[in-house]
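Engineer: This is the structure, below, for whatever I ask next.
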Amino acid sequence: MSRNPVAEALAQHDTLILDGALATELEARGCNLADALWSAKVLMENPELIYQVHYDYFAAGANVAITASYQATPQGFAARGLDEAQALTLIDQSVKLAQRARDDYRAASGSDAALLVAGSVGPYGAYLANGAEYRGDYALPEAEMKDFHRPRVKALLDAGVDLLACETLPSFAEAQALVSLLAEFPNSSAWFSFTLRDAQHISDGTPLSQVAELVNAAPQVVAMGINCVALESVTPALQALQALCAKPLLVYPNSGEQYDASSKTWHSAPSGCTLQDKFPEWQQAGARLIGGCCRTTPQDIAAIAACCQPQ
């Protein structure tokens with residue numbers, strides 16, 4: 001029987017605070033991520049920066065670090081001339097950096113809080129690097145989908161992650177393949193987090209009710225939720241999930257900033273539309289694991305962590 005690290009941590013904390021964006025912070029620290037490998041590129045070029053970002057999120061009050069392996073796949077690295085062994089070493093390193101940040105933060109702060117390292121398993125659509133993780137408009141036979149995910153899943157588990165973060169999933173067929181793949185690693189557990197078309201459907205159009213049925217029936221999936229979605233679409237989707245899913249809910253949306261695709265620039269969030277503003281609403285809608293995705297920072301995470309401190 002697999003451990004359930006989420007249940008163990010939630011026995012200590014009413015809400016688990018997840019970290020925020022990795023790429024946004026890396027860019028703020030001078031990395032150019034205009035690249036198909038995205039933050040995985042930094043694993044190759046400047047791993048200490050990734051360590052520093054993880055450390056800063058723990059210091060801001062995060063209970064969970066998500067590894068820099070979202071885009072890190074043997075297939076993606078192969079396009080860079082790396083063989084599978086080199087790729088798997090980098091995936092292992094993504095875990096070691098987060099674990100070292102956790103251990104160093106614990107030692108420096110004297111904290112005995114439950115601090116987890118979640119191994120990021122991005123969708124096949126992320127490897128395609130064409131925005132497909134927001135559409136889910138790709139189809140692979142289940143065996144091929146499992147073959148795509150297996151080496152990274154195994155490398156993350158071998159490196160000792162506490163659980164897997166199967167995240168930004170747009171496709172029901174991919175979620176089914178991942179549930180099936182987890183069964184090959186019976187001691188593993190994972191959270192499943194989806195992108196949305198609207199409050200009732202994931203990106204490929206599958207109703208949340210059908211997705212929740214899959215998750216409810218999968219013993220190794222220990223939490224379910226949504227990520228990398230617009231901040232304002234979170235609450236209705238959470239309310240729908242609250243009625244459908246028997247497991248802890250998680251949410252880590254993008255910052256409330258608005259992206260202008262024509263000018264490729266971001267504009268600040270409308271008032272009342274930050275993680276901190278929405279945090280009580282999401283808790284009320286059943287979210288027990290809350291953090292941030294694109295464009296969120298350690299400041300955002302510190303603001304929501306402060307909401308959990310006794311007043």
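Engineer: If you check ALA177 against the conditions, is it assigned to a helix (DSSP H, G or I) and within 24 Å of ILE226 (Cβ to Cβ)?
Structural biologist: Against the criterion (assigned to a helix (DSSP H, G or I) and within 24 Å of ILE226 (Cβ to Cβ)), ALA177 qualifies.
Engineer: While we're on this one: Does PRO141 satisfy being more than 24 Å from ASP35 (Cα to Cα) and not small (Gly, Ala, Ser)?
Structural biologist: yes
Engineer: Find all pairs meeting these conditions: Cβ atoms under 8 angstrom apart; at least six residues apart or on different chains; first residue within the stretch 204-215 and acidic (Asp, Glu); second residue open to solvent by less than 30 Å² (accessible area, probe 1.4 Å).
Structural biologist: ASP204/GLY136; ASP204/PRO170; ASP204/SER171; ASP204/PHE172
Engineer: Which of the helices (runs of 4 or more DSSP H) found entirely inside the stretch 1-74 contain at least 2 residues meeting this: surrounded by 24 or more Cβ atoms within 10 Å (Cβ to Cβ) and at pLDDT below 95?
Structural biologist: Helices (runs of 4 or more DSSP H) meeting the threshold: 40-45.
Engineer: For the stretch 143-163, which positions are open to solvent by less than 90 Å² (accessible area, probe 1.4 Å), in a helix (DSSP H, G or I) and in contact with a helix residue (DSSP H, G or I) (Cβ under 8 Å, 6 or more places away or on another chain)?
Structural biologist: MET145, LYS146, PHE148, HIS149, ARG150, PRO151, ARG152, VAL153, ALA155, LEU156 - these are the residues of the stretch 143-163 that are open to solvent by less than 90 Å² (accessible area, probe 1.4 Å), in a helix (DSSP H, G or I) and in contact with a helix residue (DSSP H, G or I) (Cβ under 8 Å, 6 or more places away or on another chain).
Engineer: Here are some conditions: (1) over 29 Å from ALA223 (Cα atoms); (2) open to solvent by 30 Å² or more (accessible area, probe 1.4 Å); (3) not in a helix (DSSP H, G or I). ASP112 meets all but one. Which one does it not meet?
Structural biologist: In the conditions (1) over 29 Å from ALA223 (Cα atoms); (2) open to solvent by 30 Å² or more (accessible area, probe 1.4 Å); (3) not in a helix (DSSP H, G or I), ASP112 misses (1) alone.
Engineer: Within the stretch 207-240, can you find the residues that are over 19 Å from GLY20 (Cα atoms) and open to solvent by 20 Å² or more (accessible area, probe 1.4 Å)?
Structural biologist: Listed by number, the residues that qualify are PRO207, SER209, GLN210, GLU213, LEU214, ASN216, ALA217, PRO219, GLN220, PRO236, GLN239.
Engineer: Here are the criteria: (1) open to solvent by less than 10 Å² (accessible area, probe 1.4 Å); (2) under 24 Å from THR89 (Cβ atoms); (3) not aliphatic (A, V, I, L, M). Tell me which single one GLY125 does not satisfy.
Structural biologist: Answer for GLY125: the failing condition is (2).
Engineer: Next question, about the same structure. Can you give me the number of residues within the stretch 268-311 that are modelled with pLDDT of 90 or more, outside any helix (DSSP H, G or I) and of a type in the set (Gly, Ala, Ser)?
Structural biologist: Matching residues across the stretch 268-311 total 5.
Engineer: Considering only residues that are in a loop (DSSP other than H, G, I, E, B) and charged (D, E, K, R), look in the stretch 78-109 and name the one that is most open to solvent (accessible area, probe 1.4 Å).
Structural biologist: Only one residue tops the list, namely ARG80.
The values are calculated or read from the model by the stated rules, or taken from the named source; none is laboratory data. Keep in mind that this is a model prediction, so the values were computed, not measured. Cβ atoms come from the backbone with ideal geometry, glycine included; neighbour counts cover every protein chain shown. The area values use the complete protein model at the heavy-atom level, side chains included, leaving out ligands, DNA and RNA. Shrake-Rupley method; radii C 1.70, N 1.55, O 1.52, S 1.80 Å.
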